[in-house]
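> My questions will all concern the structure given below.
Laboratory data are not the source of any read-out in this text; all were calculated from the coordinates shown. As the structure is a prediction and not an experimental result, all values here were calculated from the model. Reconstructed Cβ throughout: ideal geometry from the backbone, glycine too, with neighbour counts over all protein chains shown.
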Amino acid sequence: MPYRSTEVLSPGPADKVPLHSVTLDHDERHLRRKLLHLENDDVVMLDLKQPVMLADGDLLVLEGGEYIRIKAADEALYEVRARDRLHLIELAWHLGNRHLPVAVAEARILIARDPVIRVMLEGLGATVNEVTEPFQPLRGAYGGGHGHGNHGHGGHHHHEHG
């Protein structure tokens, strides 16, 4: 019989010890209702009132009071580096203008691999490297806060999974 969860703790408190975990890429972490297959082959029925964008470290609260930890999967990404901070802002603007999911850090931007976008970025003077690591894109400005039904992709709408 599968576990059932109707609640997410986000971010997951460090003092809560999870029973198991499930590893999902960023597209798989936008959920409302779905059967999730855990790393130990158990199954959790996620049944939330609204769609959420789960983050690495979030906890699904099981009906029995136990927890399942969400892990962000390693994904094939481009690491975009700029000449300087102003150039990084310019590159971020161009990516945002295309409604692409991005993760922004002090000295780099991460995006899903797309050869057309790579050519554009290199044409703008960016250095683009292939990396494989977890991807946690910024959430969109119009959808509200974490876990409140936003699409998490700056207006780039995805259909609900499951």
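> What nm value, rounded to one decimal, do you get for the distance between residue 114 and residue 90 when each label is placed 7 Å out toward the C-beta?
Taking the simple label geometry, residue 114 and residue 90 are separated by 2.1 nm.
> For the chain, find the longest principal axis of its Cα atoms and tell me its angle to the long axis of helix 85-97, 0 to 90°, nearest 10.
60 degrees
> Taking the chain as a Gaussian network, where each spring joins two C-alpha atoms under 10 Å apart, which residue of 57, 12, 65 fluctuates the most?
Sorting by GNM fluctuation, first place goes to 65.
> While we're here: Would you calculate, for the chain, the mean residue ellipticity at 222 nm contributed by helices, counting each DSSP H stretch of 4 or more residues as -39,500 (n - 2.57) and dividing by all residues, to the nearest 500?
My calculation for the chain gives -4000 deg cm²/dmol from helical runs alone.
> Determine the gain in length on full extension of the stretch residue 4-residue 130; use 0.36 nm per residue of separation and subtract their C-alpha separation, reporting nm with one decimal. All intermediate terms of the calculation are to be shown ahead of the outcome.
Numbers: separation 126, 0.36 × 126 = 45.36 nm, distance 3.77 nm.
So the chain would gain 41.6 nm between residue 4 and residue 130.
> Using a basic spin-label model with each label point 7 Å from the Cα along Cα→Cβ, how many nm lie between residue 122 and residue 106?
Each label point lies 7 Å from its Cα, and together they span 2.9 nm.
> Turning to a different aspect of this structure: Rounded to whole Å and sorted largest first, what semi-axes of the equivalent ellipsoid does the C-alpha gyration tensor of region 74-134 yield via the square root of 5 times each eigenvalue? List each step's numbers first, then the result.
Details: eigenvalues 50, 31, 25 Å².
For region 74-134, the semi-axes come out at 16, 12, 11 Å.
> At 0.36 nm per residue, minus the direct Cα-Cα distance, what do residue 32 and residue 75 gain on full extension? Give it in nm, one decimal, please. Let's see the in-between values first.
Working: separation 43, 0.36 × 43 = 15.48 nm, distance 2.21 nm.
So the extension gain works out to 13.3 nm.
> Could you identify which residue out of 17, 116, 80 has the top mean-square fluctuation in a GNM of the chain using Cα springs shorter than 10 Å?
Among 17, 116, 80, the largest GNM mean-square fluctuation belongs to 116.
> For region 3-72, calculate the relative contact order in percent as a whole number, restricting contacts to Cα pairs under 8 Å that are 6 or more residues apart. It would help to have the intermediate numbers written out before the result.
Numbers: 157 pairs, mean separation 32.5, N = 70.
The normalised contact order for region 3-72 reaches 46 percent.
> Name the residues of region 58-86 whose amide N is less than 18 Å from a point 7 angstrom out from the Cα of residue 41 along the C-beta direction?
Hits in region 58-86 for residue 41 at 18 Å: none.
> With 5 Å bins from zero, work out the P(r) of the chain over every alpha carbon pair and list the percent per bin.
2, 9, 17, 20, 17, 13, 10, 7, 4, 2, 0
> Pick from 133, 28, 106: which residue has the top mean-square fluctuation in a GNM of the chain where Cα pairs under 10 Å get a spring?
106
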